[in-house]
1. How far apart, in nm, are two points set 7 Å out from the Cα along the Cα-to-Cβ line at residue 14 and at residue 151?
2. Probe of 1.4 angstrom, ligands and nucleic acids ignored: what's the accessible area per residue over the chain, in square angstrom?
3. Rank 267, 100, 116 by how far each Cα sits towards the positive end of the charge dipole of the chain (+1 on Lys, Arg Cβ; -1 on Asp, Glu Cβ) and give me just the farthest.
4. Per DSSP H run of at least 4 residues, take -39500 (n - 2.57); add these up for the chain, divide by its residues and hand me the 222 nm value, nearest 500 deg cm²/dmol.
5. What order do 72, 257 take when sorted by accessible area (1.4 Å probe), most exposed first?
6. For the ranges 246-253, 56-63, what's the packing order if you count other beta-carbon atoms within 10 Å of each residue, average per peptide, and put the highest first?
7. Using a 1.4 angstrom probe on the protein heavy atoms only, line up 244, 113, 270 by accessible area, largest first.
8. Any chance you could run the full-extension gain for residue 158 through residue 74? It's 0.36 nm times the residue separation minus the Cα-Cα distance, nm to one decimal.
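The values are calculated or read from the model by the stated rules, or taken from the named source; none is laboratory data. What you see is a predicted model, and the numbers here were worked out from it, not measured in a lab. Note: ideal-geometry Cβ built from the backbone for every residue, glycine included; neighbour counts use all protein chains shown. Protein only, heavy atoms only, side chains kept; ligands, DNA and RNA dropped before computing areas. Shrake-Rupley method; radii C 1.70, N 1.55, O 1.52, S 1.80 Å.
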Amino acid sequence: MSATARKSAPMPQDIIARKGGTPLVSLTAYTTPMAQLMDGICDFVLVGDSVGMVLHGLPSTLGVTMEMMILHGQAVRRGLTTTMMVIDMPFGSYEESPQQAFANAARLMAETDAGAVKLEGGTEMAPTIKFLTSRGIPVMAHIGLTPQSINTLGGYKVQGRGAAGDQLIEDAQAVTDAGAFAVVLEKVPETLANTVTDAVAIPTIGIGASAGCDGQILVVDDMLGLFTAFKAKFVKRYAHLGDDAKAAIQAYADEVHARSFPGAEHVFADEAPRKATK
């Protein structure tokens, strides 16, 4: 990627500057072609560890590895010129210690040319976020429903209802104070999401939260109707490409069975006979 292209992409400080302004637009991406479609439309693209479920058929994000994130991060980076790329730190790559987190975050950024990393956790991860940001690693935080913690959360449940709302507000303030430049709020009640957005100085990025957040993110395969294993309440289908693709595959199979594909326009004619030479 050229230096000129790098300069045109937003940086973490540009994202912070959007606080309270025009909402930030983000989607996940895992491949070069999808990243190319998003480039210049999204403010930042997230290489999410959701790749494990969406593309690799894993039951959760817990089995995603550093190598998987690097592979897909490199692919997405090739498709972006004017959009910032953020990459997820996979489960087990940062929880042990701030030093472990730094080594893996530095590797992710160096090998993928990401503009920032994202990690899950609130008050308990604030020291790690501070350790990273003070050493030049931009961090996007993620609180509320944190998919890497589904075993302790008891599944994909709404977070922050009732008295638990106070903890979520505390989490948001803790990651802000630690130096995160934005925070994802996943699957939290609308009123609480609005309260958190008003309370912190960094942009909130909602997914199953509120239109009042400073930005929104969705898994692209969800919103395009490509990933249909399940549909969360907060997902809006903007297309039904999975249905279209299945219909196209069936039409192809039918034509192959009927020997109507390939047709004359899809095959190559025999070479014309050569003229005899004397």
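1. Going by the 7 Å Cα→Cβ label model, 4.0 nm.
2. Values: 14120 Å² over 278 residues.
Accessible surface, normalised per residue, equals 51 Å².
3. Of 267, 100, 116, it is 267.
4. Working: 12 runs with 108 residues, N = 278.
Rounded to the nearest 500, it is -11000 deg cm²/dmol.
5. Working: 72 20, 257 150 Å².
These residues rank, largest area first, as 257, 72.
6. Numbers: 246-253: 10.9, 56-63: 14.0.
Listed from highest to lowest mean packing, they are 56-63, 246-253.
7. Working: 244 100, 113 50, 270 145 Å².
Descending order: 270, 244, 113.
8. Full extension of this stretch gives 27.0 nm more.
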